[in-house]
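Comments concern the structure below.
The values are calculated or read from the model by the stated rules, or taken from the named source; none is laboratory data. Quantities reported herein were computed from a predicted structural model and do not represent experimental measurements. Don't worry about glycine lacking a Cβ; one is built from the backbone with ideal geometry, like all the others, and counts go over all protein chains shown.
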Amino acid sequence: MTAQFPLVPTDHPTPPQTREEILADPGFGRHFTDHMATAVWSPDAGWHDQRVGALEPFTMHPGAAVLHYAQEILEGLKAFRHADGSVWLFRPELNARRFAASARRMVLPELDEETFVESVAALVRADEAWVPPYGGEQSLYLRPFMFASEAFLGVRPAQQVTYCVLACPAGSYFPNGVTGVTLWVSTTYSRASIGGTGAAKCGGNYAASLAPQREALGHGCEQVLYLGGEGRRSIDESGTMNVFFVTRDHQLLTPGLGTILDGVTRDSVLTLAAEHGLEPVQRTIDLDEMRDGFADGSMTEAFAAGTAAVITPIIGLKSDDFALTIGDGAPGKYTQQFRERLLDIQSGRAADTHGWMRRVL
Ligand SMILES: Cc1ncc(COP(=O)(O)O)c(C=O)c1O
């Protein structure tokens, strides 16, 4: 049965004027709304104590297992305001399923799909005033996460787990997200290996990405493009985005699932490909194939896809032994089309022909 998250309103809401100032330039992940949704789990009681209450710090024992062994998972999705004032989530059931898959990998308790969606919807309803207005590219970013809150030292699954959803008004993830990013192809670091946690959305994956990310920034690149597979010669994904390549003969290539995150945006782009006259192909893409493809013109565009960054053009790649500009260094035609199409569906400007939007308010 779907659990409800009753609202216990905060007694210290953000003054409306401060909130409006934040909404005028929210950035990404800098400001939090007034409430959070929470629930706790133990083996005897299962999930209980569901509520939406004031955003406040957790009181946690310093021995809480998450602080030592990183038994933690997270999700990211967005709520969009439409022109008529209504508020909608984009494919939240896919985030719910991926959250459950991540929970299985990290031996955390699963939350059923409807309860996950209800927790997110209840928080959006409580903090509706924080959903940015229709018309810009802003949205309310939602961050469900779950962690081992039991105090113990020793490597075993926690017997007490906390679930929480936070919300942040969000603008652009990359300052130059529309004009394009250059990715650093790291030969020092990898993100995942077969049998590892690459397909799970767990905090540890992102902690491990900080060193390669620093390496990328040091080379003037915004993000990392990770290599994987046999001998680390094939394209995996970027730090927070899946990657796509458009070929001259109208294929839309993306690495197959396995060690990468099964992105909601990735799945949506693959579904939309046919509408844009492209054949979606999921397969191993060799680094050399990609380099040769951009050199001889058989590959024409590259872009990255993710909830936070939407569709971000990849306009260049750099590594220890090569640097290349993709196309003429400007966002490609298909890249722009996918970006507009997705944003149009999410903001209600285009008909939701795939049934992807879930109304919250
Ligand atoms: C490693 C990684 N790959 C890909 C994605 C894109 O996934 P989605 O489209 O579901 O946001 C994300 C973002 O969550 C990510 O962190």
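General remarks:
- Evaluated against (1) assigned to a helix (DSSP H, G or I); (2) away from the ligand (no atom under 16 Å from the Cβ); (3) under 18 Å from residue 72 (Cβ atoms), residue 164 falls short on exactly one condition, (1).
- Inter-residue pairs, beta-carbon under 8 Å, first closer than 20 Å to residue 100 by Cα and without any contact (Cβ under 8 Å) to a residue 12 or more places away in the chain and in the range 41-61, second aromatic (Phe, Trp, Tyr) and surrounded by 12 or more Cβ atoms within 10 Å (Cβ to Cβ), 6+ apart: 48/41
- The range 206-232 - residue that is buried (at least 21 other Cβ atoms within 10 Å of the Cβ) and within 13 Å of the ligand (Cβ to nearest atom) and, of those, farthest from the chain's Cα centre (by Cα): 228
- Residue that is within 23 Å of residue 179 (Cα to Cα), touching a strand residue (DSSP E or B) at 6+ places or on another chain (Cβ under 8 Å) and modelled with pLDDT of 95 or more, where the choices are 260, 235: 235
- For the range 166-187, the set of residues classified as crowded, with 23+ Cβ neighbours inside 10 Å and closer than 25 Å to residue 41 by Cα consists of 167 only.
- Some residue of the range 143-158 being under 27 Å from residue 20 (Cβ atoms) and at pLDDT 95 or above: yes
- Every test in (1) touching a residue at least 40 places away in the same chain (Cβ under 8 Å); (2) farther than 30 Å from residue 82 by Cα; (3) not assigned by TED's automatic domain parsing to the domain that holds residue 327 is passed by residue 156 save one, and that test is (1).
- Index of the failed condition, residue 163 passing every other in (1) surrounded by 22 or more Cβ atoms within 10 Å (Cβ to Cβ); (2) without any contact (Cβ under 8 Å) to a residue 60 or more places away in the chain; (3) aromatic (Phe, Trp, Tyr): (2)
- Among the residues of this structure, residue 140 counts as one that is within 18 Å of the chain's Cα centre (by Cα), at pLDDT 95 or above and buried (at least 24 other Cβ atoms within 10 Å of the Cβ).
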